[in-house]
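Right, one structure below, let's go through it.
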Amino acid sequence: MDSHLKKLSAAGMLVTLGIIFGDIGTSPLYVFQVLLKEGGHVDVPLVFGSISCVFWTLTLQTTFKYIFITLQADNKGEGGIFSLYALVRRYGKWLAIPAIIGAGTLLADGIITPPISVTSAIEGLSLVPALSHAIVPGNNLILGIVIGIIILLFFFQQFGTKIVGSSFGPIMFCWFLMLSILGFMQILNYPAIFHALNPMYGIHLLIDHPHGFWLLGAVFLCTTGAEALYSDLGHCGRKNIQVTWMFVKTALMLNYLGQGAWVLSQHELYNFEGVNPFFAIVPHWFLIPSVIIATMATIIASQALISGSFTLISEAVSMNFWPKITIKYPTNIRGQIYIPSINWLLCIGCIAVSLYFKTAEAMTAAYGFSITIAMLMTTILMYYFMRYVKHWPIWLVAIIACIFIFVEFSFLIANSVKIVKRLFFLVFEVGLIFTMFIWFKARKITNRFLTFIDLKEQIPILKALSEDQLIPKYCTHLIYLTKANNSRQIEQKIIYSIFSRKPKRADVYWFIHIDIVDEPYTMEYMVEELEEDKIIRVEFRLGFRIQPRVNVLFRKVVEDMVANKEIDITSRYDSLNKFNLAADFRFVIMEKFLSYENEFNLKDGFILRSYFAIKKLALSDTKAFGLDTSETSVEKIPLIVKPVTSIHLKRITPARTVEAGVH
């Protein structure tokens, strides 16, 4: 995203409408319908109470928590739960757990957003008289249309959104304008509906209604897009989001008020069974255009969620929460990525949701539980941000945290009844969190057993090896990736690889270290020549949203050094040197495998075996770092965490020796 679009401007606000508010902006399609269904008998207390709860949920949860407070937790302009974790992780090692749970639950409930939004829009066609017999919620025709749209949506992800992305803002502006006008026209018929903004109506509904408290599960649907809103902070900037939200919230409330006004304008014997108030307030002549606009809005909302999922997984890979996977860059727009495996996993998930639930009404019964958990995890991380990064007084932080925990825990309890209806998601959800947790814990275990030695002591041996003409030259430039943060240290296994296996004689030894920093888009490097024209260390400082394509980055470093006359990469072979041919470079990648020579306790054994099982499905280090396989050697290194020590082996005397002694 261009930096000027992050500044407050008309263009920036238009882009914000298209990227940020799709999910929360399409909620009027189904929220009020669910409230009427679960509320039972439709009367003034139910309608006023429902609208009051929606208004104050949007005010407390979306406006106060996310728009005003959480958006302050921007990591060099970027948002999302991993950006927030990067800001606070130094204040507690355990904070990785809420980050993992938050990311996993956010992704898990994400597979229901595209189907529920698109299905809600398409079902509106059932109100068109000419189509009422063909378009019936849950029938094969609607399923076919919805699944067709979903497949096309995911298919076009590989080409990026550069071409159609510019139209997202104007389309969403038309959508919110339509929401406002449709709602306002109904409010004119029942202006008393504005009394519903009084919080007392919401309190009375929750206390007095037979199912009052449990209606919070339906109310929560109005704010499910708030967490995604924070994730997309980096695309538009805080000011654009905050100012645009005033327009968006006004449009949303006008529509909710309009739907409520329409309901209360109907005869008291009116049957609301199967009625969607959103499309009921649309004039008949405008039904088809409204469905078209609604469908486009839901596609845009789905697009934002898919892009957010790609970004989330990309950050997880960089921060060692997720296995290395193929990440592509379909356009030259900063931050726009495409992850094939996640794309098709989400696509299959969305199709399965559509086939399993069939109607939007059935989908809402399973929607929201995971998002409440994600919001609670964000609140935990935000406590540390407000207290230790912003240094707000403890009494203020405690009050804010208690308010949000109380509100979100209430929503969690109300949504807990949906667990039975959402067992379908459980495998997907648990799988995501399990993968992140195992990957994170296993990396911690394996890193504990990294042994570093003093590189300075190895320099004379490296020089001697390099000059030993009796040993065949392995290559001219030999490159290793090192995890040593200190330039004076090196892993023992690298020295073992150079000396103890078939000795690797080279003219120049390179050691590359990648430091993933908390700033999202940092791209810096340092070069340290530890021994002139013999041992060189390159340190890359990359933001957690930058993919470590080592081959490309290293080539750039070499080009810079050649341009500055710091190094000569002409071939050192006499026969090739006179023709000015370039020298050869070779990377050595060391991949661990779990040795059989280990005695684990149950916990470590389970974590490490799971880790290596998952690793088999992940991208190899060679591909993950973008290395040319023809210039890369892979060495398998056994990981011995707890070697076998209890070997009871007894030596006995050979039988022939005993017999000889007798004679």
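The values are calculated or read from the model by the stated rules, or taken from the named source; none is laboratory data. What you see is a predicted model, and the numbers here were worked out from it, not measured in a lab. Ideal geometry is used to build each Cβ from the backbone, glycine not excepted, and the neighbour counts take in all protein chains shown. Only protein heavy atoms, including side chains, enter the accessible area calculation; ligands, DNA and RNA are left aside. Shrake-Rupley method; radii C 1.70, N 1.55, O 1.52, S 1.80 Å.
At-a-glance table
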quantity	calculated
Globularity index of segment 327-395, i.e. its alpha-carbon radius of gyration over 2.2 N^0.38 Å	1.72
Degrees separating the helix 287-318 axis from the principal Cα axis of the chain, which is the longest one	30
Cα-based reach from residue 358 at 29 Å (exclusive), listing lysines while leaving out same-chain residues under 8 positions away	37, 418, 421
Using alpha carbons only: equivalent-ellipsoid semi-axes of segment 390-540, gyration tensor based, whole Å	51, 21, 13
For segment 131-144, 3J(HN,Hα) per residue [Karplus equation, 6.51 cos²θ - 1.76 cosθ + 1.60, θ = phi - 60°, Hz, x = Gly/Pro]	10, 4, 7, 7, 9, 10, x, x, 7, 5, 5, 5, 4, x
Cα lying deepest toward the dipole's positive end in the chain, options 205, 287, 577, charges on Cβ	577
Accessible-area value, residue 375, 1.4 Å probe, nucleic acids and ligands omitted, Å²	0
Within the accessible area of segment 472-619 (1.4 Å probe), percent carbon and sulfur	50
Cβ-based charge dipole, segment 450-516, positive-most Cα from 482, 462, 497	497
Accessible carbon and sulfur surface of segment 391-439 relative to its total accessible area, %, 1.4 Å	88
Helix 550-563 axis, angle to the chain major axis (alpha carbon atoms, nearest 10°)	60
Surface accessible to a 1.4 Å probe, per residue, for the residues of the chain, Å²	45
Rounded tilt (10° steps) of 238-265 against the dominant C-alpha axis of the chain	40
Cα-Cα over 21 Å, subset of 456/636; 534/565; 444/615	456/636
Sequence ranges 539-545, 36-42, ranked by mean other-Cβ count within 10 angstrom, highest first	539-545, 36-42
20 °C / 1.002 mPa s Stokes-Einstein diffusion coefficient of the chain, Kirkwood radius on C-alpha pairs, µm²/s	77
Relative contact order of the chain, defined on C-alpha pairs under 8 angstrom at six or more residues apart (%)	19
Principal axes of segment 223-262: Cα extent on each, largest first, Å	39, 19, 9
Low-density loop positions, chymotrypsin sites (Phe, Trp or Tyr not before Pro), segment 211-290 - DSSP coil, at most 14 other Cβ in 10 Å	270
Residues of type aspartates and glutamates that residue 239 reaches as a straight line, Cα spacing below 19 Å, ignoring anything fewer than 8 places off in the same chain	2, 74, 78, 227
Mean-position separation - Cα centroids, segment 380-446 and segment 485-508, in angstrom	43
Solvent-accessible area of residue 315 with every protein chain in place, 1.4 Å probe, in Å² to the nearest 10	0
Selected from 53, 15, 84, residue furthest toward positive end of dipole (the chain; charges at beta carbon)	84
Relative contact order (%) - segment 208-345, alpha-carbon pairs under 8 angstrom, separation at least six	15
Ellipsoid semi-axes in whole angstrom, largest first, where each is sqrt(5λ) of the Cα gyration tensor of segment 26-151	37, 22, 12
Scattering curve values for segment 253-347, log₁₀ I(q)/I(0), Debye with Cα scatterers, q = 0.19 Å⁻¹	-0.91
Solvent-accessible surface ranking, highest first, for 586, 549, 609, 651 at 1.4 angstrom	651, 609, 549, 586
